[in-house]
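Encoded as structure tokens, the structure appears first; notes follow it.
The values are calculated or read from the model by the stated rules, or taken from the named source; none is laboratory data. Keep in mind that this is a model prediction, so the values were computed, not measured. Don't worry about glycine lacking a Cβ; one is built from the backbone with ideal geometry, like all the others, and counts go over all protein chains shown. Calculation scope for accessible area: heavy atoms of the full protein, side chains included, ligands and nucleic acids excluded. Shrake-Rupley method; radii C 1.70, N 1.55, O 1.52, S 1.80 Å.
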Amino acid sequence: MKKRILTGDRPTGPLHLGHYVGSVMNRVRLQNEYETFIIIADVQALTTNFEHPEKLKQDVYNVALDNLACGIDPKISTIFIQSLIPEIAELTIYYSMFVSVNLLSHNPTIKTEAKQHGFEHRKTYGFLGYPVSQAADITFCRAHLVPVGSDQLPHIELTRRIVRRFNELYEPVLVEPEPLISSVPRLMGLDGNAKMSKSLGNCINLIDSPKVVAEQISKAITDPARIHATDPGHPDVCNIFSYQKVFNPDFIKELEENCKKGAIGCVACKKILINVINELLAPIQQKRAEYEKDLSVVNDIINQGTKRAKQEAELTMELVRKAIKIDYQI
Ligand code: TRP
């Protein structure tokens with residue numbers, strides 16, 4: 001039997017390049033090798049968006065479309081909606097009985113996100129606890145591998161701890177998953193922030209037009225010490241150079257040398273990057289447009305996927321309930 005992948009996204013807007021290199025690229029590459037489940041984590045999206053649920057439905061479609069556009073093949077991969085699998089919520093409650101609040105409050109990704117969203121001092125129960133719910137997302141289908149960006153590592157580590165603890169406390173019915181971190185380093189935000197993130201407005205979305213891509217990259221920061229195009233540059237501290245490494249690996253040596261010599265200026269260097277990114281995005285956007293012509297096809301894909309996920313959830317929950325003695329025959 002094929003091993004399983006579970007991975008997914010929060011529907012809080014269209015996916016961006018950070019998602020693409022961090023996780024989507026890997027899931028597309030591995031979908032033939034692994035039985036792949038892609039969760040559209042709508043409940044998790046509410047952790048930061050509970051005041052604006054009205055955008056959720058549209059973003060569920062956005063995320064499904066982006067995955068399909070990037071090459072997820074619905075004939076072999078399963079795309080489903082988190083909230084339609086109530087077993088995930090049930091599993092979250094069981095896990096939450098033995099996960100300590102102290103452990104959750106030390107999660108570095110939670111700390112960073114709390115800062116980003118301005119709720120360091122008013123974290124909700126659901127926000128602090130979403131990594132527990134994410135552990136349920138991963139384990140309900142007994143996944144072996146979780147392709148994610150490096151910011152998600154603390155959550156996968158927690159999942160592994162939860163699985164070990166559950167298996168030790170009750171019966172060994174859960175699978176301990178491994179993270180698969182992208183070989184591409186995390187993309188910085190265009191503003192130089194550590195992470196490309198929608199809430200920081202420093203990203204390139206997969207749906208951005210060539211014009212928007214050009215605008216976004218044009219205003220991105222580069223080597224701050226470089227004032228004239230002929231000044232020698234410092235690629236090692238340049239944000240745009242870190243993008244070139246990812247998207248333009250064949251020309252990286254040449255770019256590096258020319259930058260250091262002051263033979264290529266930031267504007268010309270950005271132009272090259274704009275072109276490669278637009279070339280990468282063109283076929284993705286074309287495929288997306290085809291799916292967008294008939295959203296009933298996307299509906300069917302999500303429906304079928306959710307049915308498939310539900311089967312696995314029922315199977316796992318039978319084992320879990322038995323293990324924790326919540327399987328009354330009354
Ligand atoms: N937390 C992930 C993100 O912000 C999304 C996600 C939800 C996820 N459930 C998951 C990722 C399970 C991997 C596995 O991108």
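Annotations for the structure displayed:
- In the stretch 63-89, of all residues being under 22 Å from Glu318 (Cα atoms) and open to solvent by 30 Å² or more (accessible area, probe 1.4 Å), the one that is farthest from the ligand (Cβ to nearest atom) corresponds to Pro86.
- Residue within the stretch 142-153 that is more than 10 Å from the ligand (Cβ to nearest atom), modelled with pLDDT of 95 or more and in a loop (DSSP other than H, G, I, E, B) present: yes
- Qualifying residue in the stretch 48-62 (condition: in contact with a helix residue (DSSP H, G or I) (Cβ under 8 Å, 6 or more places away or on another chain), assigned to a helix (DSSP H, G or I) and loosely packed, with under 15 Cβ neighbours inside 10 Å): yes
- Taken over the stretch 2-23, residues that are under 25 Å from Asn278 (Cβ atoms), open to solvent by 20 Å² or more (accessible area, probe 1.4 Å) and within 9 Å of the ligand (Cβ to nearest atom) amount to 2.
- Count of the stretch 275-318 residues, restricted to those that are part of a helix (DSSP H, G or I) and either free of Cβ contacts under 8 Å to residues at least 12 places away in the same chain or open to solvent by 20 Å² or more (accessible area, probe 1.4 Å) (or both), is 30.
- Tabulated pairs, the stretch 136-157, first without any contact (Cβ under 8 Å) to a residue 40 or more places away in the chain, second among the hydrophobic types (A, V, I, L, M, F, W, C), C-beta under 6 angstrom, 6+ apart or interchain: Ile156/Val146
- Pair list, Cβ < 8 Å and 6+ apart or interchain, from the stretch 249-269 residues that are under 23 Å from Pro185 (Cα atoms) to residues that are of a type in the set (S, T, N, Q): Phe251/Gln244; Ile252/Gln244; Leu255/Gln244; Leu255/Asn248; Cys266/Thr222; Cys269/Thr222; Cys269/Gln244
- Of the candidates Thr124, Thr92, Thr109, the single residue that is out of contact with any Asp or Glu (no Cβ under 7 Å at 6 or more places or on another chain) and within 13 Å of the ligand (Cβ to nearest atom) is Thr92.
- Qualifying residue in the stretch 241-258 (condition: under 23 Å from the mean Cα position of the chain (by Cα), open to solvent by less than 70 Å² (accessible area, probe 1.4 Å) and within 30 Å of Thr78 (Cβ to Cβ)): yes
- The set of residues in the stretch 143-201 being open to solvent by less than 20 Å² (accessible area, probe 1.4 Å), among the hydroxyl-bearing types (Ser, Thr, Tyr) and more than 30 Å from Asn248 (Cα to Cα) consists of Thr159 alone.
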